[in-house]
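Report on the structure given below.
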Amino acid sequence: MGKTVARVARGKARTDRPPGTDRPSRAEAENAIRTLIRWAGDNPDRQGLQGTPARVARAYEEWFSGYAEEPRDFLSRTFDEVAGYDEMVVLRDISFESHCEHHLAPIIGRAHIGYLPRHRVVGISKLARLVDVYARRMQIQEKMTAEIASCLDSVLRPFGVAIVIEAEHQCMTTRGVHKTGVTMVTSRMLGVFRKRVETREEFLSAIHLRGAVQP
Ligand SMILES: [Zn+2]
């Protein structure tokens with residue numbers, strides 16, 4: 001984690017930054033935060049707020065460190081020795097924090113990943129990192145779900161991939177309609193998980209969501 005932040009801070013290894021996003025200096029970023037503090041109605045020069053622009057800039061480096069990482073790189077290390085294992089692999093309840101691209105408000109949730117390997121598997125920690133890379137960008141949940149699925153599908157080339165994400169959106173709980181306890185569920189089913197009802201049901205029951213998600 002610390003390594004990732006340091007890489008962002010140096011502005012290197014940017015692999016997935018959208019076009020047209022020249023990086024401003026840290027001073028410019030901190031000034032923008034001072035402006036937002038003034039916009040909110042407070043004085044950025046009062047004692048309690050003096051270090052805030054620098055802290056917020058550092059927090060941004062952590063929250064948005066996913067722009068500096070290319071998930072295909074660390075997924076490329078796979079294991080071929082699976083001793084004939086040909087059942088699905090499921091990793092459930094991968095917690096993540098992301099930010100909605102509409103309000104920059106936190107999205108707090110859990111991702112569940114399933115795939116049916118074709119000869120090779122990937123280390124489970126890599127699956128968790130895959131979620132983090134996409135979560136640590138400005139997101140909408142639907143896009144994040146699809147990105148994780150298609151990345152896994154294109155690197156591992158399994159018989160199928162299933163992703164379900166459940167999350168609470170703080171732009172909905174702390175502002176706007178102010179509805180707490182609402183969870184958004186998104187899913188992406190590829191290959192056999194899309195084609196075969198039994199395979200999909202097996203995955204959904206493994207993550208305790210049977211019957212709740214349509215393909
Ligand atoms: Zn939002």
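Quick rundown of the values:
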read-out	value
Surface accessible to a 1.4 Å probe, per residue, for the residues of the stretch 103-215, Å²	46 Å²
Under the Karplus curve 6.51 cos²θ - 1.76 cosθ + 1.60, θ = phi - 60°, whole-Hz ³J(HN,Hα) for the stretch 144-156, x wherever Gly or Pro sits	4, 4, 5, 5, 4, 4, 6, 5, 4, 5, 6, 7, 8
Interchain or long-range residues, amide H under 5 Å from Gln139's placed H	His99, Cys100, Glu101
Value of Rg/Rh across the stretch 125-174 [Cα atoms, Kirkwood radius]	1.02
Intensity falloff of the chain expressed as log10 I(q)/I(0), Debye formula with alpha-carbon point scatterers, at q = 0.12, 0.13 Å⁻¹	-0.71, -0.81
Two-site label geometry, Leu104 and Asp42: point separation in nm, points 7 Å out along Cα→Cβ	1.5 nm
Rough spin-label spacing in nm, given labels placed 7 Å along Cα→Cβ, for Ser154 and Asn31	3.8 nm
Amide hydrogen neighbours beyond the local backbone of Arg118, cut-off 5 Å, H modeled	Phe159
Alpha carbon centroid spacing (whole Å) that separates the stretch 72-92 from the stretch 120-156	14 Å
Accessible-area composition of the chain, carbon plus sulfur, in percent [1.4 Å probe]	51 percent
Lysine pair number, Cα distance threshold 24 Å (strictly under), the chain, separation 8 or more or different chains	6
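The values are calculated or read from the model by the stated rules, or taken from the named source; none is laboratory data. Quick caveat: nothing in here was measured; it's all calculated off a predicted structure. Glycine gets a Cβ as well: all are built from the backbone with ideal geometry, and neighbour counts include every protein chain shown. In case anyone asks, the SASA skips ligands and DNA or RNA and just uses the protein heavy atoms, side chains included. Shrake-Rupley method; radii C 1.70, N 1.55, O 1.52, S 1.80 Å.
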